[in-house]
Structure formats: structure tokens, C-alpha cells
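First the structure, in the form of C-alpha cells, and then the observations on it.
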Amino acid sequence: MVTCPYAAASAGRSARFPARAVEQPAPLRPPGRVVQEHSRSGQDPRGRLPTSARYGRGSRYLFILCALERHLVSDHDYDFTSDAFTLAHVLPQNPQTGWDGFTDEEAENLVDRLGNLTLIQAGANRDLGDAPYPAKRMAYEESGFAITRRLAQEYAEWTPEQIAARQVSMANQATSIWRIGQLA
């Protein structure tokens, strides 16, 4: 079993986790505060998880996705600083052929949304690159990550509406894991 340094928080034994875990050691803070830091106002945080990503080892996005993965597969913790897996953009950062369903503005606004990110083995991410969604979906169906298999099972197409729907779904899952709703 690979151990996540913040497994206790992601396992729900604490309603707090280190919000700046990736950047520097920091005191524990409520997870709802992390969501609120990335919010535009004091509205319901569930629809507004962070909208731009920092992708490096130990990023908040990797931590959130590892926590959501752990929630789906409760018998495994993930070291979100590992080089064995990475964040993958479903809609690529530089979409090419096969991504005509997105305007340039939509792609720019949605590419870094948490709803557009998933976990994938590092080598597979390099191989898929800017491939169109049908090719990515086939690879995602075989993923070792439940969160990525679920994405492939639940979304036959990848459109702006699907990214928004997945963003809301992930926010609801995070709410149940960290009881963010109680902090709003």
C-alpha cells in the first residue's frame, strides 16, 4: 500500500487538511477554506472548485483527485507526490483534431477545470497526449484508477456540458468527504 501523507484527512478522520501541502508546510486548515480561497464570492462552494490547476507533484488538484479516488476505492491510499501517475487533461491543453465541439473560448475556460482532469499512469498520459476523446475514453476504460474508469463509463462524449456536470459531481463528492457544506 502506498501511503498518502495526508491519508487521515482524506479518510474522513479529520475535517481539516493542510491547504498548502504542496507549496510549503502549513498549519491544518478546513478544506472548505481551500475551496473558498478559489471562489469568486461567498456563494455555494460546491459549484466552484478551483478553476485553474497547478499540475506539479503534490498539487492541490492531485491531492483532491487522490482523495476522491480513495473515496471510490477505500482500500488504497495514493502518494500524490508519486511520479507513477499524473493529472491528465481530458480536453487537452492544446486541442487539435477531434476537438471541434469546443470553441476557442470554451476550451480556454474549461481546460484547467477540475472537472476536466483525471488520474492516469504517467506513461499513458504521454501516449494519449492530444488524442480525441473516443481514443482517450478507450484508454480510460482500462485505467487502474476508478475515478478515470468512471469518467469513461459515465461520459460517452466530452463536451462543455459534460465538464460542467463532472465538476458539480466532483464538488458534491468532495462535500461528502470533507463536509464542506457545514463550513459554508
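Details
- Computed label-point distance, nm, for sites Q93 and S176 using a 7 Å Cα→Cβ extension: 3.2
- Separation of the Q153 and A135 label points, Cα + 7 Å toward Cβ, nm: 2.6
- Around the amide H of I120, modelled in the peptide plane, lie the amide H atoms of T86, A88, all under 5 Å away and 5 or more residues distant in sequence or on another chain.
- Förster radius 30 Å - calculated FRET efficiency between A146 and E105 (Cβ-Cβ, nearest 0.05): 0.40
- Between the beta carbons of A165 and D83, assuming R0 = 35 Å, the FRET efficiency works out to 0.65 to the nearest 0.05.
- Chymotrypsin sites (Phe, Trp or Tyr not before Pro) within region 129-173, DSSP loop, no more than 13 other Cβ atoms inside 10 Å: none
- H89, H71 arranged by Cβ crowding within 10 Å, fewest neighbours leading: H71, H89
- GluC sites (Glu not before Pro) restricted to region 108-184 and DSSP loop, no more than 16 other C-beta within 10 Å: E142, E157
- Under the Karplus curve 6.51 cos²θ - 1.76 cosθ + 1.60, θ = phi - 60°, whole-Hz ³J(HN,Hα) for region 119-128, x wherever Gly or Pro sits: 8, 7, 5, 4, x, 5, 5, 4, 5, 7
FYI, it's all coordinate maths here, none of it is from the lab. Just so you know, these numbers come straight off a predicted model, no measurement behind them. Here the Cβ is made from the backbone with ideal geometry for all residues, glycine too, and neighbour counts use every protein chain on show.
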